[in-house]
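S.K.: Sharing a structure below in structure tokens format, with a few things to ask.
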Amino acid sequence: MIDTQSEILLVDADAVRASRIILSLRRLGFLKITHVDKREEAFQALCQTDLMLVLIDIQSEEIRGLDILTELREHGNLDWHMPLIAIADDASAEQKARAIEGGALDCLSLPSDIILLKARIQTLSARRRHVTAKRSFLQNYDYTTGLPNRYNFIKIMERLMQTYKIEKRNDQGFFVILFRFLKASEICELLGIGGGSDFINHKMEDLLQYGFRKRVIARTGDFHFATMIEASEKVDLDQLIKIWRDQLNAPIQIGDHVISSPVSIGVAFATGRERRPESVLQNAVLAATQPGARSSYALYERKKHHLAVRRVGLEAELDKAIEAEAFHLVYQPIVDVKSRKMIGAEALMRWKHPEMGLISPAEFIPLAEENGHILPLGYWALHKVMAEIEVWADEYQKGQPFPYIAVNLSGQQCHDQRLLRDIQDFLDRTNLPPNVLRIELTETALIDRPERVAALLQDLKQMDIKIALDDFGTGYSSLSYLHQFQFDVLKVDQSFVREIPVNIKNQKIVRSMITLASDLNMSILAEGVEGEAEYQYIRTMGCHYAQGYLFSKPIEASEMARMIDKIRFPFGRNAIKWHSGQKESQVAPLEIYKHEIIV
Ligand code: C2E
Ligand code: CA
Ligand code: CA
């Protein structure tokens, strides 16, 4: 089939020949033929982009067709893909060759070669149809999965909103549900780009089994998929999303690899009043980055919009920040309750953002845990602590007093063999006793594959590394964990300590925690001790250790180094020998850190 609706440009100074060519083309069915017979007009006419074919006279002096082509190309005004056919009566072989070098498909003598021209036009039409179809497919569908793409999905949303408006059902609406595959970059790294596509295809096939045959599911981003549910369907959204989430979270086998990539799910609601469907989809993406999006789903809330935007921004900057060394550690002293002396410190991360200033780990650690950045970040902290201990313990002598440094580990690090290896390497290299380092884990770290965490704790115990259970009392099933895992220290969460002098319930809870800890042979550490009254309470109750602003806020590494030096060398680095006969008054005064911690 010939595409007779597209335009043909004829550049020919010979008026008689031109009218014969036009007549022949009309007989073939072409109606849109533009004829120009002047050189200047030809320049302008050739700059159009949607021509189906250009027939250009290369023989006449008035036109000088080949020069026009060269000149236009030099200025970038003529595409090499433009289909061109040179016209020359009885052209020599040399003329034909020059025409083809100039980008022409052929050089014909017209109208005598009209049959050849027809054949050329037929192949051009076929190619054009194919390209147009492909372009329209790619504009609306994702090439890999064949699913509607973002552009198409937005058009579908727009049509639905339009229907609501027309039917005056402005208050009715639909949910846009966005699935975001986490760990996407890791999958691509492991499987290569092609493997990443295989993974997506597998997952989509699985979903099609689960109720998507009748529903639109679109690929709205590299690792984002979206669907919609009309409120009038009255489906149980929670139940449906749960089924989809379980299906998407299930591990699958690709080649030799078993891949599991959890999804986070964001939901946004749109009504017929909405003006921009793009914003609704974007809000669902934002919701998918919010707390809860991974464990169940997060619903977009307008009043939390700016928070959500901040989260997305921070998430995108996390990996760059690791490379740019924007993180550092501060240390918060831990004291012995009876003596108020520092016996250890907890390492806490800080992110110094160039524009936003200091960002709390309470904000960025959960983000890093969700998007897979926690492993590099967690290892950075562990290695930094080990490097700092190595410097602080320089020329360490066996038996010398030295405070331990506790590092917070995230759940994902508990499933990684590298952890034990790195700690063992550190101990072997430095020859330091294992009690210089401690690990803190929260209950959430234990939930995922508890048998693996139990094995890790066992291995750490064998290495004589002590482990504290952090934020105790805030999880769901604290007691059962205590029996299942072996901890050395229980850290009572700040929320119980904070109001202890006035809150009888908290007093009871802490008291029973202390009994429990002593039954299980664990020490107990109270976090977040801010006031003298709280301190007196936990002291009388029998807590062993404490941490909080009363004793010290987290301090910079340089300050910690000074404090450790005081512990190790109370009389100065050079006063190595100390006679027991020395009188108290001759002893160098100890540095008293805020609120009387004696080090
Ligand atoms: P966490 O492990 O419970 O750490 C104690 C948090 O309480 C710290 O907040 C500390 O500055 C704060 N704090 C200590 N004493 C007091 C007090 O008397 N009053 C009050 N109001 N707060 C007190 P920070 O440094 O913002 O850390 C927040 C959380 O971020 C940590 O809670 C921990 O879960 C996480 N985190 C920090 N660094 C790391 C790390 O290197 N790795 C991992 N996985 N998590 C970390
Ligand atoms: Ca901690
Ligand atoms: Ca804590």
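The values are calculated or read from the model by the stated rules, or taken from the named source; none is laboratory data. These numbers come from a predicted model, not from an experiment. Ideal geometry is used to build each Cβ from the backbone, glycine not excepted, and the neighbour counts take in all protein chains shown.
S.K.: So for the range 431-444 (the condition being surrounded by fewer than 19 Cβ atoms within 10 Å (Cβ to Cβ) and within 16 Å of ligand 2 (Cβ to nearest atom)), does at least one residue qualify?
M.R.: yes
S.K.: What number of residues within the range 329-343 are over 21 Å from Lys384 (Cβ atoms) and buried (at least 24 other Cβ atoms within 10 Å of the Cβ)?
M.R.: 1
S.K.: Could you say which residue among Glu370, Glu346 is in a strand (DSSP E or B), buried (at least 16 other Cβ atoms within 10 Å of the Cβ), in contact (Cβ under 8 Å) with a residue 40 or more places away in the chain and in contact with a Lys or Arg (Cβ under 9 Å, 6 or more places away or on another chain)?
M.R.: The conditions single out Glu346.
S.K.: Might you let me know whether the range 365-373 holds any residue that is more than 16 Å from ligand 2 (Cβ to nearest atom) and aliphatic (A, V, I, L, M)?
M.R.: Yes; the residues of the range 365-373 include at least one that is more than 16 Å from ligand 2 (Cβ to nearest atom) and aliphatic (A, V, I, L, M).
S.K.: Please work out which residue is nearest to Gly103 (Cα to Cα), limiting yourself to the range 1-57 and to residues that are of a type outside the set (A, V, I, L, M, F, W, C) and touching a Ser or Thr at 6+ places or on another chain (Cβ under 6 Å).
M.R.: Asp3
S.K.: Moving on to the next point. Kindly establish whether Ile509 is at pLDDT 95 or above, in contact with a helix residue (DSSP H, G or I) (Cβ under 8 Å, 6 or more places away or on another chain) and more than 13 Å from ligand 1 (Cβ to nearest atom).
M.R.: No, not satisfied.
S.K.: Please work out if Asn77 is in contact with a helix residue (DSSP H, G or I) (Cβ under 8 Å, 6 or more places away or on another chain) and under 30 Å from Arg215 (Cβ atoms).
M.R.: For Asn77, the condition - in contact with a helix residue (DSSP H, G or I) (Cβ under 8 Å, 6 or more places away or on another chain) and under 30 Å from Arg215 (Cβ atoms) - is not met.
S.K.: If you don't mind, another one. Output the helices (runs of 4 or more DSSP H) that fall wholly within the range 441-511 and possess 2 or more residues being within 16 Å of ligand 3 (Cβ to nearest atom), or say none.
M.R.: 444-447, 478-484, 494-498
Every residue, every condition in (1) over 30 Å from Pro366 (Cα atoms); (2) at pLDDT 80 or above, yes or no:
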| site | (1), (2) |
| --- | --- |
| Leu160 | yes, yes |
| Tyr164 | yes, yes |
| Gln172 | yes, yes |
| Phe175 | no, yes |
| Leu178 | no, yes |
| Lys183 | no, no |
| Cys188 | no, no |
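S.K.: Now, a different point. Which pairs do you get when a residue that is within 16 Å of ligand 1 (Cβ to nearest atom), found in the range 514-533, comes within reach of a residue that is among the small types (Gly, Ala, Ser), reach meaning Cβ atoms under 6 angstrom, with the pair 6+ apart or on two chains?
M.R.: Pairs found: Ile524/Ala517; Ala526/Ala546; Gly528/Gly548; Val529/Ala546; Val529/Gly548; Glu530/Gly548.
S.K.: Right, next: Can you report the number of residues in the range 446-473 which are farther than 30 Å from Leu432 by Cβ and either surrounded by 15 or more Cβ atoms within 10 Å (Cβ to Cβ) or among the hydrophobic types (A, V, I, L, M, F, W, C) (or both)?
M.R.: Looking only at that region, the number is 3.
S.K.: If I ask for residues that are assigned to a helix (DSSP H, G or I) and within 14 Å of ligand 1 (Cβ to nearest atom), which ones from the range 322-343 would you list?
M.R.: Hit for the range 322-343 is Ile322, nothing else.
S.K.: Note down all Cβ pairs under 7 Å where the first residue falls in the range 166-189 and is closer than 20 Å to Ala226 by Cα, the second is modelled with pLDDT under 80 and polar (S, T, N, Q), and they're at least six residues apart or on different chains.
M.R.: Here the result reads Leu182/Asn371, each pair linking the range 166-189 to a residue that is modelled with pLDDT under 80 and polar (S, T, N, Q).
S.K.: Step by step: first the residues of the range 355-364, then only those that are touching a strand residue (DSSP E or B) at 6+ places or on another chain (Cβ under 7 Å) and part of a helix (DSSP H, G or I), then the one that is farthest from Pro291 (Cα to Cα). Which residue is that?
M.R.: That would be Pro361.
S.K.: How about the range 388-405: which of its residues are more than 14 Å from Ile564 (Cβ to Cβ) and either within 16 Å of ligand 2 (Cβ to nearest atom) or modelled with pLDDT of 90 or more (or both)?
M.R.: Correct list: empty.
S.K.: Please verify whether the range 70-88 includes one or more residues that are of a type in the set (D, E, K, R), at pLDDT below 90, in a loop (DSSP other than H, G, I, E, B) and more than 22 Å from Val131 (Cα to Cα).
M.R.: no
S.K.: Then there is this: Please work out if Trp351 is more than 16 Å from ligand 2 (Cβ to nearest atom), outside any helix (DSSP H, G or I), under 34 Å from the mean Cα position of the chain (by Cα) and of a type outside the set (Lys, Arg).
M.R.: When the stated conditions are applied, Trp351 passes them.
S.K.: Looking at Thr220, Thr271 in this structure, which one is touching a residue at least 24 places away in the same chain (Cβ under 8 Å), within 21 Å of Phe153 (Cα to Cα), touching a Lys or Arg at 6+ places or on another chain (Cβ under 7 Å) and surrounded by 14 or more Cβ atoms within 10 Å (Cβ to Cβ)?
M.R.: Sole residue among the options that is touching a residue at least 24 places away in the same chain (Cβ under 8 Å), within 21 Å of Phe153 (Cα to Cα), touching a Lys or Arg at 6+ places or on another chain (Cβ under 7 Å) and surrounded by 14 or more Cβ atoms within 10 Å (Cβ to Cβ): Thr220.
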